[in-house]
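What follows is a set of notes on a single structure, which appears directly below.
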Amino acid sequence: MNPMRVLSLLACLAVAAMASPSSRSNDKSVNQALKPSQWLSPQDLEAIPSVDDLTLERLERMPLEKGAELLQQVYHLSQINHDIEPNFVPSNVQVYVPKPNGDKIVAPINQMIQRLKQKQNFGQDEVTIIVTGLPQTSETVKKSTRKLVQAYMQRYNLQQQQQQAQKYNQDSNEDNKYQRTSSEEDYNVLANNANTNTGDIIVIDLGSTLTNYKRYAMLDIQKTGEKIGKWIVQLTSELQLPHETIHMIGQNVGAHVAGAAANEFTRLTGHKLRRVTGLDPSNIIAKNLYTLVGLSRGDADFVDVIHTSVYGMGTPIRSGDVDFFPNGLGAGVPGAENVVEASMRATRYFAESVRPGNERSFPAVPANSFKQYKQNDGFGKRAYMGIDASYDIEGDYILQVNPQSPFGRNAPAQKQNSYHGVHNGWESQKDL
């Protein structure tokens, strides 16, 4: 069967499965529990749209829980026979490199290295490569990506950073009643840090090639990542960039592509990239049988992941050395009205942490659930979600976030009951 038609025919397959007689009369048996009839009614199956009708715009119009429910139904139905294999590999993805003056260097990926050779001092310090995972036609996606790029431009531009730090220091001196939090630093510290925070940004706009749900669902993550990985090998070779300075960031399905690219880089060079950050990695619908695919620890020296739409566009699967779950596991996070916005909140959180002075705005503690976190019963070493995540942490971390920007609670991480003290779960504030 043509795999592009499989997703459209899932409802028919499920109905057929319901018609099959059961070998057991006990409805609680494993055999019965695995049948679609146990968790989807015929009316539910008929209501599931075909892939032609399932669009980003439609998901943005649906309430969060409804959109999450629909995506979960599509995903689980697609995994019944494990026979949907990916077949879409985009060619000549557009890449852009933002400049401090607001301009961009824009070129297809196979032409960008030649363009970068003409850019003075490119790659002398850090190089951050962002792989988008959703099309920029959505204002939510576009805004989130723009916020991330702007944050890095502020971080990497020494003059802007020092001016901002100086203004911050002056403002705080004028207000004697202002109480700083542990995440804030004075001007001298920021100015010193600025010397090591120069760098360049490359945006690989994979998301803009995923113009419909078919392409999104049928994306060949492995082959797409391999192409990008080979390109990074060429980039480091021809521009003489040290691989230790490269940080890859992937959004949604782009997180898995970033992991595959980092893996390919290691296979070809024998070296690992410094860091891969996954921003709400997606569920993977189309998979090559008997092949491991998806972002995972080991893809780089350090892999950190932020999950903001676990039961929506994202996945509950642990994908890194450390996985952060803002407000625990759910379809979304506080303030997100639909699954697209929920997924892109991971990008917004990370962008907020990138801005100078906000590196420690997201204190987190190891815990298995948000309830455990709220009861001050976490365990293990504390950490900060975002750009300042320590490379020696591992496991699952829970934290609390605000529904609107600024999203970080800007509060110091106190110790837990079971780890030499108590972590203040902000009980005085209304639970979100």
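For the condition under 19 Å from Gly225 (Cα atoms) and of a type in the set (Gly, Ala, Ser), Ala346 does not qualify.
If the condition is being open to solvent by less than 60 Å² (accessible area, probe 1.4 Å) and not polar (S, T, N, Q), then the range 271-288 contributes Leu273, Arg274, Arg275, Val276, Gly278, Leu279, Asp280, Pro281, Ile284, Ile285, Ala286. Of the conditions (1) open to solvent by less than 80 Å² (accessible area, probe 1.4 Å); (2) of a type outside the set (Gly, Ala, Ser); (3) under 14 Å from Trp231 (Cβ atoms), Arg115 fails just one. Which one is it? For Arg115, the exception is condition (1).
Of everything in the range 131-150 that is among the aliphatic types (A, V, I, L, M) and part of a helix (DSSP H, G or I), the residue that is farthest from Ile201 (Cα to Cα) is Val141.
The residues of the range 335-352 that are closer than 16 Å to Leu148 by Cβ and small (Gly, Ala, Ser), listed by number, are Ser343, Ala346, Ala351. The numbered conditions (1) at pLDDT 95 or above; (2) under 24 Å from Met153 (Cβ atoms) are all true for Lys230 except (2). Given the criteria in contact with a Gly (Cβ under 9 Å, 6 or more places away or on another chain), aliphatic (A, V, I, L, M) and more than 30 Å from Arg382 (Cβ to Cβ), does Ile317 qualify? No. Determine, yes or no, whether Ser144 is within 30 Å of Glu341 (Cα to Cα), modelled with pLDDT under 90 and of a type in the set (Ser, Thr, Tyr). No; evaluated as a whole, the condition is false for this residue.
The set of residues in the range 355-370 being under 11 Å from Arg409 (Cβ atoms), open to solvent by less than 10 Å² (accessible area, probe 1.4 Å) and not aromatic (Phe, Trp, Tyr) consists of Ser361, Pro363, Ala364.
The values are calculated or read from the model by the stated rules, or taken from the named source; none is laboratory data. What you see is a predicted model, and the numbers here were worked out from it, not measured in a lab. We place every Cβ from the backbone using ideal geometry, glycine too, and count neighbours over all the protein chains shown. Just the protein is used for accessible areas: all its heavy atoms, side chains included, with ligands, DNA and RNA removed. Shrake-Rupley method; radii C 1.70, N 1.55, O 1.52, S 1.80 Å.
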